[in-house]
Structure formats: structure tokens, C-alpha cells
Amino acid sequence: MREDKKTPSVRKLRVRKSHIKTRLVLFLLLTAALMLTVIFAQQICPYDPNAQDTSISLQPPSLEHLAGTDRFGRDMFSRILVGLQTSVLSTLCLVVIITVAGTAAGILCGYYGGILDSVVMRISDVCLAFPGLVFALAIASLLGGGLHNAVFALAVISWPKYARIARSQTLSVKNTDYISAARLAGGNSIQIIIRHVLPNSIGPILVTSMLDIGTMLMELAGLSFLGLGAQPPTAELGNMMSGGRSMLQTYPWVIIGPGIAIFAAVVIFNLLGDTFRDYLDPRNSRRN
Amino acid sequence: MQIEGKNLSFRYGPKLPWVLKDVSLTVKEGERVGLVGPSGYGKSTLVRILAGYLKPEEGQVLLDGKPLPAKGVCPVQLIYQHPENAINPRWKMKKVLQESGMFREDIMGALGIEKDWLQRYPRELSGGELQRFCVARSLFPGTHFLFADEMSTMLDVITQAQIWDLMLKEVEARNLGLLMVTHNMELAKKICTRTINLEKMNHEMKI
């Protein structure tokens with residue numbers, strides 16, 4: 001009988017919460033499937049992605065070649081799998097780099113303040129002042145092509161966002177009584193940062209980085225598409241699309257295949273990020 | 001041991017008005033001092049300065065004639081007005097006590113902390129229960145002074161009596177110096193050996 005006495009809003013909240021949980025599990029499974037594909041791409045792909053055979057160039061999708069072949073007769077399906085691996089792994093690498101670097105910079109700035117804070121935050125202002133992709137283009141062309149340089153260029157333009165979030169979180173945590181109690185108990189600054197500041201400011205940062213995976217995947221593929229990322233013959237979704245763009249009307253599978261792969265990966269990561277954010281949102285939570 | 005604030009002056013910014021001006025006071029070990037005064041007269045600020053958490057703009061805080069140690073456990077421990085803000089919300093209570101090395105049966109027994117509470121998060125305990133943990137974790141072997149900043153204000157009267165009862169036993173057993181900030185004159189009369197009225201001492205405020 002007590003169940004019936006619950007207010008409707010509480011019941012609604014519970015339904016929503018369990019709803020989010022189901023979605024979270026679903027998208028986690030999808031992401032796991034994607035990650036398994038990415039990790040074992042070399043083992044799954046039916047053909048050598050770099051083996052050329054001009055006698056079978058530009059064949060449409062068939063049972064033999066699931067996504068057709070490109071103009072050098074390379075199997076598109078194998079190239080998409082390996083290209084996905086290159087794109088996704090470098091994206092994850094990029095997101096980890098900017099999350100760690102941005103968070104570290106932000107927490108140190110927020111915690112110590114003073115000159116360090118002013119200098120680092122002005123540098124971040126400079127990075128934020130340019131339109132993102134244009135600045136990345138400038139850096140990438142300065143450093144020359146190559147996947148590493150593209151990752152570096154994107155890292156340079158993306159870390160300030162994380163630094164700002166981490167800094168504002170740190171500023172709000174820094175002045176709480178439990179920090180002062182920890183200091184009176186003899187904790188030094190490093191201990192306080194690791195034990196108290198970091199765990200209490202990491203939530204929004206993690207959500208942001210989850211939501212950023214999709215964006216970064218697109219931007220990295222974008223740089224490669226413009227010829228500033230992975231260089232041929234490395235299979236990477238962006239430069240595969242770039243290589244096929246003249247054939248969009250004649251042999252569309254050469255460009256549509258990698259396009260669908262990017263689309264699917266971005267959608268999966270975005271859905272996971274969104275659900276993760278909803279899951280952590282206190283408004284959807286029964287905890288006080 | 002005694003802690004002494006000498007001609008302390010403090011303000012929260014270079015051009016802001018003085019919160020404290022030329023305030024001096026001494027607390028000896030074994031003494032129970034009540035610090036009273038109207039809101040906004042710098043009681044909490046004074047306590048934080050004496051614990052070394054804020055630096056006074058003028059004057060100094062001396063522990064037996066020497067400045068407070070900068071490292072290690074501070075001999076002056078604070079107990080805060082809002083225990084729910086004074087404990088890291090992501091830690092279970094057991095870890096809170098372990099951090100300060102106060103995960104000891106005798107202390108938990110003395111403060112009436114039940115075993116069952118140790119596996120909970122701070123949000124799963126009431127204010128009075130949390131405040132006991134705050135007292136427990138302040139009782140380091142090196143603690144000589146406990147400064148309680150309105151520590152029982154938000155508790156109901158029965159819980160107030162309980163927690164003061166438990167705390168005074170520890171204070172007496174260890175011969176600690178106690179400085180309590182309160183608005184409640186009756187409580188101050190009951191507990192303290194003497195009271196200080198900040199309204200009469202804070203020179204700036206008298207104008």
C-alpha cells in the first residue's frame with residue numbers, strides 16, 4: 001500500500017532514472033562493440049587493406065567485396081575497418097591528452113592562483129581567440145602533415161575548455177571547510193589536490209570529455225580530409241573520403257563507405273556521452 | 001602551552017573595511033573560553049586567524065611565544081559550524097577518520113560514534129552525527145587547542161547537550177584549551193571558565 005502513497009513526481013523520477021539506466025547499458029554495449037571492432041580491425045578485415053590489384057579497381061559492393069573496391073583495387077571494407085581503427089584510436093588519444101593536460105592546468109591555476117593563474121589563463125585566452133579549426137589548420141600546416149601533428153594541433157586548440165572547467169570547479173571546492181580541515185590535519189597541497197580537489201571536480205570534466213569524443217573524431221577526420229592529417233597510404237577515414245571525392249557521382253561507394261563509418265562512430269560516441277551526462281545529472285537522481 | 005593573538009588586524013581586501021582591528025587575546029591550555037559578540041563582528045574570522053588558516057594583516061599569532069608551525073598537524077584544530085561542508089562528500093566516514101589517523105575505538109566510543117555509521121557517506125548522516133566525526137578527527141595526539149565555531153548552533157537542544165557533554169569529557173581528559181564561538185550566552189556561562197565579548201575588544205567596531 002505504501003507504494004501507492006508515493007507522490008507522482010517521485011514515481012516519474014524513478015521511471016526516468018531506470019529509463020536512463022537502460023539507455024546507458026544499451027549505448028555502453030554499442031560502444032563496446034565499436035571498440036572491439038576497432039581493436040581487432042586487423043584481425044577482422046577480410047583482405048590486406050593496402051594490397052593493390054588494378055584489375056579489380058572501382059568495383060561496386062558485392063558479396064566478395066562488401067563495400068566495393070577503390071581505384072587501386074583495394075578492398076574498401078578492409079580499409080574502412082583499419083581506417084576506423086586509425087581514426088578512433090587517435091581521437092581517444094587526443095581526448096585523453098586534452099582532458100589530462102587541461103584538467104591539470106586548470107586545477108593548478110585554480111588552486112595556486114596568482115601569476116601562474118594569470119599567465120596560463122591568458123595563454124588559454126589566446127588559444128580560444130582564434131576560430132578553432134582555422135587555428136588548428138595553421139598549426140598543422142606549420143608542423144607539416146601527419147597524424148601526430150594533426151592530433152597535436154587539435155590538442156592545442158581544445159585544452160583551454162577543460163582548463164576553464166577544472167579551474168572554476170577548483171575555485172569552488174578550494175574554499176570549502178573540508179579543505180581547510182585537511183590543511184589543519186597536516187595535509188600538504190599535493191595531497192589535498194589529489195584527495196579532495198580532484199575527486200570533487202572531476203565529474204563535469206569527464207562528461208565534457210565524453211561529449212567531445214564525437215566532435216574530435218569529426219575534426220580529426222576533417223583535418224585529414226584537407227590533407228593535413230594521416231598521409232597515404234595509411235588508411236584513415238578522412239583521407240579516404242578525400243581520395244574519393246572526385247568520384248562521388250561515378251563511384252559513390254568509395255566516399256559513402258567511410259562517410260557512414262564516421263557517422264556511425266560519431267553517433268555512438270555522442271549518444272553515450274549524452275546518456276552519461278543525463279545519468280550523472282543530479283536532477284535525475286534520487287540521491288540528495 | 002598557550003596561544004596568543006597579538007594586536008591582530010584583518011580585512012578581506014586591501015581597500016575593504018577592517019573586520020578586526022588591534023584585537024589581542026590569549027587562551028591557555030585547560031582553559032575554556034567563550035567568544036561572544038553580534039553577527040559580523042569577526043568572531044569566525046578571528047578563530048580562523050588563530051588557527052593559522054588566514055594570515056592577519058597586522059599582528060601575529062604566537063604559540064608559546066613562537067609562530068605556529070607551517071607544516072604537519074596544527075596544534076590548533078577547528079570545528080566548523082556546518083559539518084556537512086566540513087567533510088569531503090565523496091568519502092565514507094571510515095576514510096575520513098583514517099585520513100587523520102583517528103580511526104580508534106576509544107575515540108569513537110567516547111564520542112558515541114556507532115560502527116554502523118562508518119560505512120556511510122556524509123550525506124547519509126545527520127548534522128549531529130557528522131559533528132561527532134568532526135570532533136573525533138580533530139583529536140590528534142598533537143592537538144592542544146580546540147576552536148569550536150558555533151559548532152552546535154544548528155543542532156536541536158538535546159543533541160547540543162549530548163555533543164557538548166561528550167566533547168567536554170574529552171577536553172577535560174586531555175586538558176585541551178577550548179575557544180567556543182557562540183551567540184548563546186547561557187551555553188557560554190554553562191561551559192566556559194570565562195567569556196570574551198568581541199564587541200568590547202574590536203577597536204574599529206566601537207566607532
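What to note about this one:
- Selection over region B:76-130 of residues that are farther than 30 Å from residue B:1 by Cβ, more than 19 Å from the chain's Cα centre (by Cα), of a type in the set (Asp, Glu) and away from chain A (no Cβ under 11 Å) gives a count of 2.
- Whichever residue in region B:98-109 is open to solvent by less than 60 Å² (accessible area, probe 1.4 Å) and touching a helix residue (DSSP H, G or I) at 6+ places or on another chain (Cβ under 6 Å) and, among such residues, is modelled with the highest pLDDT: B:107
Matching residues to (1) in a loop (DSSP other than H, G, I, E, B); (2) of a type outside the set (S, T, N, Q); (3) open to solvent by 20 Å² or more (accessible area, probe 1.4 Å):
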{"residue": "A:60", "(1), (2), (3)": "yes, yes, yes"}
{"residue": "A:67", "(1), (2), (3)": "yes, yes, no"}
{"residue": "A:102", "(1), (2), (3)": "no, yes, no"}
{"residue": "A:108", "(1), (2), (3)": "no, yes, yes"}
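- Taking region B:123-207 as the region of interest, the helices (runs of 4 or more DSSP H) fully inside it that hold 2 or more residues being open to solvent by 60 Å² or more (accessible area, probe 1.4 Å) are B:157-174, B:185-191, B:198-201.
- Residue check for residue A:125: open to solvent by less than 30 Å² (accessible area, probe 1.4 Å), among the charged types (D, E, K, R), more than 20 Å from residue A:217 (Cα to Cα) and out of contact with any Asp or Glu (no Cβ under 9 Å at 6 or more places or on another chain): no
- Residue within region B:25-45 that is within 14 Å of chain A (Cβ to nearest Cβ) and in contact with a strand residue (DSSP E or B) (Cβ under 8 Å, 6 or more places away or on another chain) present: yes
A quick yes/no check of all residues on (1) within 14 Å of chain B (Cβ to nearest Cβ); (2) open to solvent by 50 Å² or more (accessible area, probe 1.4 Å); (3) part of a helix (DSSP H, G or I):
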{"site": "A:73", "(1), (2), (3)": "no, no, no"}
{"site": "A:97", "(1), (2), (3)": "no, yes, yes"}
{"site": "A:133", "(1), (2), (3)": "no, yes, yes"}
{"site": "A:154", "(1), (2), (3)": "no, no, yes"}
{"site": "A:161", "(1), (2), (3)": "no, yes, yes"}
{"site": "A:173", "(1), (2), (3)": "yes, no, yes"}
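- Residue, nearest to the other protein chains (Cβ to nearest Cβ), within region B:55-75, restricted to residues that are closer than 30 Å to residue B:113 by Cβ and crowded, with 19+ Cβ neighbours inside 10 Å: B:74
- The residues listed here are B:33, B:47; of these, the one that is more than 13 Å from residue B:201 (Cβ to Cβ) and open to solvent by less than 30 Å² (accessible area, probe 1.4 Å) is B:47.
- Candidates are the residues of region A:30-40 that are of a type in the set (A, V, I, L, M, F, W, C) and closer than 16 Å to residue A:264 by Cα; the one that is most open to solvent (accessible area, probe 1.4 Å) is A:36.
- Qualifying residue in region A:202-210 (condition: within 14 Å of chain B (Cβ to nearest Cβ) and closer than 30 Å to residue B:140 by Cβ): yes
- Check on residue A:194, of a type in the set (A, V, I, L, M, F, W, C), within 14 Å of another protein chain (Cβ to nearest Cβ), open to solvent by 10 Å² or more (accessible area, probe 1.4 Å) and in a helix (DSSP H, G or I): yes
- Condition met for residue B:168 (away from chain A (no Cβ under 14 Å) and touching a strand residue (DSSP E or B) at 6+ places or on another chain (Cβ under 9 Å)): yes
- Taking the listed residues A:276, A:263, the one that is open to solvent by 20 Å² or more (accessible area, probe 1.4 Å), in a helix (DSSP H, G or I) and without any contact (Cβ under 8 Å) to a residue 12 or more places away in the chain is A:263, with no other qualifying.
- Qualifying residue in region A:232-253 (condition: of a type in the set (Val, Ile, Thr) and either within 25 Å of residue A:108 (Cβ to Cβ) or at pLDDT below 90 (or both)): yes
- Residue pairs whose Cβ atoms lie under 6 Å apart, separated by 6 or more positions or on different chains, with the first residue in region A:7-29 and farther than 21 Å from residue A:269 by Cα and the second modelled with pLDDT under 85 and assigned to a helix (DSSP H, G or I), are A:16/A:284.
The values are calculated or read from the model by the stated rules, or taken from the named source; none is laboratory data. Values in this document were obtained by computation on a predicted structure and should not be read as measured data. Please note: Cβ atoms are built from the backbone with ideal geometry, for glycine as well, and neighbour counts cover all protein chains shown. The accessibility values were calculated without ligands, DNA or RNA, using every heavy atom of the protein model including side chains. Shrake-Rupley method; radii C 1.70, N 1.55, O 1.52, S 1.80 Å.
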